[in-house]
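Asker: Take this structure first; my questions come after.
None of the figures in this text is laboratory data; all of them are computed from the coordinates on show. Computed from a prediction, not measured in an experiment: that's the story for all the values here. Backbone-built Cβ (ideal geometry, glycine too); neighbour counts: all protein chains shown.
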Amino acid sequence: MAMIEVKNVTKQFGDLTVLDNFSVDFDHSGVTVLIGPSGTGKSTLLRCINGLEKIDEGDILVDGLSVNNKKNLKQIRKTCGMVFQQTVIFPHMNVLDNLTMSPIKLLRMSKAEAEDKARYYLDKVGLASKEKSRHNELSGGEQQRIAIARALMMSPEALLLDEITSALDPEMTREVLNILVNLAKEGVCMLCVTHEMSFAKEVASRILFMEGGKLVCDVSKDDFFGSVREENERINKFLSFIGE
């Protein structure tokens, strides 16, 4: 059974249909990159999987649990950690406290265990020296790396990454993408909304191209940048437009 099953999902905002009878499955491994024009439902799909947006029709199952049942959302959010475009680091807490708060409160982890785990992930994202820093002492790239570490603290089965480099300059973007590359090598399952095609070429095992709330193609990375691009005028035009 797939870890995430999206079944005939429709999501509307007023008269705008963002996901139109949309279906797709995601397994327990691999890196899937979701691309396509802005406003075509990519970020909304991730938010629906995590239960942050209520779907209008259809269902989404995460390890067999339906997002339509509010009682399942706590477990679903443990299974699928999410990192957003705009990182929220609690300003009244230092980095270490930001990372340990949820495991202590939600997983009943001891403070000592949570701090050990936090230091492990801070080291993994290259920020071991920042545990006492506050948000105004961190660059944008550092805050995003902290957000990734914070998501990993809950031991999720998958990471949902919503254009997490969109507000960063090229140098900071590379910092964050390097962390994701390393996580991909370790087998962390990721669903990534991004326009960073260099990242997609480097780590994606699968690429979904979405437009108008529908799934246009679902192929391997090699096929997408090879035969699909050559044969599909719309995808070739999109890739050319974003400079790929």
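Asker: Can you give me the orientation-averaged projected area of the convex hull built on the Cα atoms of segment 85-211, in nm²?
Answerer: 8.1 nm²
Asker: Looking at (1) 176; (2) 146; (3) 132, which value of volume of the Cα convex hull per residue in Å³ comes from a calculation on the structure shown?
Answerer: It is the value labelled (3).
Asker: Further question on the same structure: Would you order LEU160, LEU46, LEU168 from fewest to most other beta-carbon atoms within 10 Å of each residue's own beta-carbon?
Answerer: LEU168, LEU46, LEU160
Asker: Same structure again: Of the beta bridges DSSP finds with both residues in segment 4-241, what % are antiparallel, to the nearest 5?
Answerer: In segment 4-241, DSSP labels about 55 percent of beta bridges as antiparallel.
Asker: Further question: Can you give the calculated 222 nm mean residue ellipticity of the chain, where each DSSP H run of n ≥ 4 adds -39,500 (n - 2.57) and the sum is split over every residue, rounded to the nearest 500 deg cm²/dmol?
Answerer: Calculated mean residue ellipticity at 222 nm is -10500 deg cm²/dmol.
Asker: Defining a contact as two alpha carbons under 8 Å apart and six or more residues distant in sequence, what relative contact order in percent does the chain show?
Answerer: Values: 432 pairs, mean separation 63.3, N = 244.
26 percent.
Asker: ³J(HN,Hα) across segment 156-161 via Karplus (A = 6.51, B = -1.76, C = 1.60, θ = phi - 60°), whole Hz, x for Gly/Pro?
Answerer: Going residue by residue, I get x, 7, 8, 10, 9, 10 Hz, with x marking Gly and Pro.
Asker: Okay, next question. Would you mind ranking LYS117, LYS7 so that the residue whose beta carbon has the fewest other beta carbons within 10 Å leads the list?
Answerer: LYS7, LYS117
Asker: Given +1 on the Cβ of Lys and Arg, -1 on the Cβ of Asp and Glu, and no further charges, what dipole in debye does the chain carry about its Cα centre, rounded to the nearest 20?
Answerer: 960 debye
Asker: Would you mind getting me the FRET efficiency between ASP59 and ARG174? Use the beta-carbon distance for r and R0 = 35 Å, nearest 0.05. Could the numbers behind the result be given before it?
Answerer: Numbers: r = 38 Å, r/R0 = 1.10.
For ASP59 and ARG174, the calculated efficiency is 0.35.
Asker: Sorted by average packing, counted as other Cβ atoms within 10 angstrom per residue and highest first, what order do 122-132, 183-193 take?
Answerer: Averaged packing, sorted descending, gives the order 183-193, 122-132.
Asker: Residues with amide H under 5 Å of VAL18's amide H, sequence separation 5 or more or different chain, H placed in the peptide plane at 1.01 Å from N; which?
Answerer: LYS11, GLN12, PHE13
Asker: Something else: Compare the Cα positions of ASN236, ASN72, MET101 along the charge dipole of the chain (+1 at Cβ of Lys, Arg; -1 at Cβ of Asp, Glu; about the Cα centre) and return the one farthest towards the positive end.
Answerer: MET101
Asker: Follow-up question, since we're still on this one. Starting from the Cα of LEU52, step 7 Å toward the Cβ, then list every residue of segment 189-208 with an amide N under 20 Å from that point.
Answerer: 189-196, 208
Asker: How big is the gap, in Å, between the Cα center of segment 167-184 and the Cα center of segment 123-160?
Answerer: 12 Å
Asker: Rounding to the nearest 20 debye, state how big the charge dipole of segment 41-93 is about its Cα centre with +1 on each Lys and Arg Cβ and -1 on each Asp and Glu Cβ.
Answerer: Around 240 debye, computed over segment 41-93.
Asker: A follow-up question, please. Amide H to amide H under 5 Å from ASN68: which residues, 5+ apart in sequence or cross-chain, H placed 1.01 Å off N in plane?
Answerer: Residues meeting the amide H criterion: ILE60.
Asker: Toward the positive end of the charge dipole of the chain, about the Cα centre and with charges on Cβ (Lys, Arg +1; Asp, Glu -1), which of SER198, VAL176, MET154 goes farthest?
Answerer: Looking along the dipole axis, the top candidate is MET154.
Asker: Could you sort 200-209, 98-107 so that the peptide with the highest average Cβ count within 10 Å comes first and the rest follow in order?
Answerer: Numbers: 200-209: 20.3, 98-107: 18.3.
Final packing ranking: 200-209, 98-107.
Asker: Which order, highest average first, do 211-221, 76-86 follow once you tally other Cβ atoms within 10 Å for each residue and take the mean per peptide?
Answerer: 76-86, 211-221
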